[in-house]
Amino acid sequence: MAESQLLCLEDGLMPPAVPESRPQFYYSEQQRAALERLITDGDGAFKNLLKDENGQDFLSAREIKTITGTFVKYPSEEDDGANRGSRNDSGSLRSTYWPQMSDTEVPPLDIGWPSSGLFKGVTRVSVFTHPPKENSPHIKEVTRKLIQESCKVVAIVMDLLTDLQILRDLFEASKRGVPVYIVLDDQGAPLFLDMCSRLKVGDRELKNVRTRTVKGVGLNLSVGKIPGNVHSKYMLIDGDKVMFGTYSFSWSSSRMDRNMITVMSGQVVDFYDNDFRQLYAISDKLDLFKVFHISKPQTGTVSRAAVPKRPEAATSRFQVNLGDVKVPAHKYHNPKYLLALGQIPGRTEPLQDFLNKMEPPDPELEPEPEPENPAEELENLTPVPSPPEKKQSKKFKTLTFSTKRWKKGKKDKTSDTVIEESAANPSDDASKHTLPRDETRDTLKKKKRGCGCLFKKS
């Protein structure tokens, strides 16, 4: 109902008439009576009434054809009585004429919606037209790129959505987990369903898609209602971008019509965010699974695991005795202590078995792993401070003496035998590395003295 009509309902208040020359002019009782005459008696009676009251013809030929073709009569008293009886039986009809709350719940945005109310930065604007100007991209290219780059949400309010390429992009976004909300004009919904059936959509495509229909404001008359249309055309991307303009998502609109779109980002997006949620709340559900006879995919519900009970123990003020284990009281009463005991949801086991698993293994019981290359291990050995045996030290001295004489070229046979014996016993190599520091220094000094004598003799 118009605001002027609501003002007339108040007692003792009759607002002054607003002339047509003023911008505040909106409602005219003369035009309402002329519309009723048009619907009941036709175009001739409509024009005669305006002529008798010195009014101007305010409807074009196209509007007259649309109004007479879409007018909906109110249900008769018989139909109304049958509907009332069924509603009274079900108990869904409110007892008051002006209910405090709506009969239906507000539909939730159940598949996700980005948080709003935060500052989104400075508003930035880009304008695109068809045909393109100044080497700018086509408006359909801009639209498809926004959908393909989306990662949080895609929300569309459109009068006509029949473009196959755009529909494929929306269903591909749905398959990769992006929530897609579509609010269509009630008269354009059948055309949308026809194009979806041509694409042969399945449960994977429709899993993250929610579709609803909404009607225009319309005009209520005494004999019926003239419905209205939705001409809002915009698309929200990820809660931080919005595209709006005259472009409808159809093939003819992108190829043959002249259109203009504006892509905006920044704080202005909050206005479109609120407007979309309001339209979504007053819209009617369009269940695509039911229309195309597709079974809904089963989504597993995550149930919270039951918190395990604490082990029974003798408690005191400062300490808790769990059998052989004593635990401080502040740790026992901490919920994190359940994880330390291994009492998490799943297969349970006794406390002592868990504590036995936590003990480090005994190194004497387990054999040490054999090295892959024993030669490298011997080279990397470090000196041990324990004193070696005397036999090993003498053997090392004879080995050093034999090598010296072998270097001089004397007694080759004895030197060769000594070298072969030393190579046959790998324990001798180990003994070289296990010599104490004092003896290694003595052997180095003797070698230096021997080298000095050789140089003097030469």
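Details
- Some residue of the range 230-243 being at positive phi and among the charged types (D, E, K, R): yes
- Leading residue by the ranking (modelled with the highest pLDDT) among those in the range 269-300 that are surrounded by fewer than 16 Cβ atoms within 10 Å (Cβ to Cβ) and among the hydroxyl-bearing types (Ser, Thr, Tyr): Ser295
Yes/no matrix, rows are residues, columns are (1) in contact with a helix residue (DSSP H, G or I) (Cβ under 7 Å, 6 or more places away or on another chain); (2) under 30 Å from Glu29 (Cβ atoms):
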| residue | (1), (2) |
| --- | --- |
| Gln165 | yes, no |
| Leu170 | yes, no |
| Gly188 | no, no |
| Asn220 | no, yes |
| His231 | no, yes |
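Conditions (1) under 20 Å from Ile111 (Cα atoms); (2) surrounded by fewer than 20 Cβ atoms within 10 Å (Cβ to Cβ), marked per residue:
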position	(1), (2)
Ala155	yes, no
Asp159	no, yes
Leu164	no, yes
Glu172	yes, yes
Lys175	yes, yes
Tyr181	yes, no
Leu184	yes, no
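- Some residue of the range 15-26 being in contact with a Phe, Trp or Tyr (Cβ under 9 Å, 6 or more places away or on another chain) and closer than 20 Å to Gly224 by Cα: no
- Condition met for Ser253 (of a type in the set (S, T, N, Q) and either modelled with pLDDT under 90 or within 30 Å of the chain's Cα centre (by Cα) (or both)): no
- Test: residue in the range 115-127 that is in a helix (DSSP H, G or I) and closer than 21 Å to Gly239 by Cβ: no
- Failed item in (1) exposed (fewer than 15 other Cβ atoms within 10 Å of the Cβ); (2) farther than 23 Å from Ser250 by Cα, with Lys120 passing the rest: (1)
- Leading residue by the ranking (farthest from the chain's Cα centre (by Cα)) among those in the range 192-233 that are hydroxyl-bearing (Ser, Thr, Tyr) and surrounded by 15 or more Cβ atoms within 10 Å (Cβ to Cβ): Ser232
- In the range 181-208, the residues that are more than 12 Å from Phe171 (Cβ to Cβ) reach residues that are acidic (Asp, Glu) with C-beta atoms within less than 7 angstrom, at least six apart or across chains, in these pairs: Asp185/Asp159; Gly188/Asp159.
The values are calculated or read from the model by the stated rules, or taken from the named source; none is laboratory data. Worth saying up front: this structure is predicted, and the values here are computed from it rather than measured. Virtual Cβ from ideal backbone geometry, glycine too; neighbours counted across all protein chains shown.
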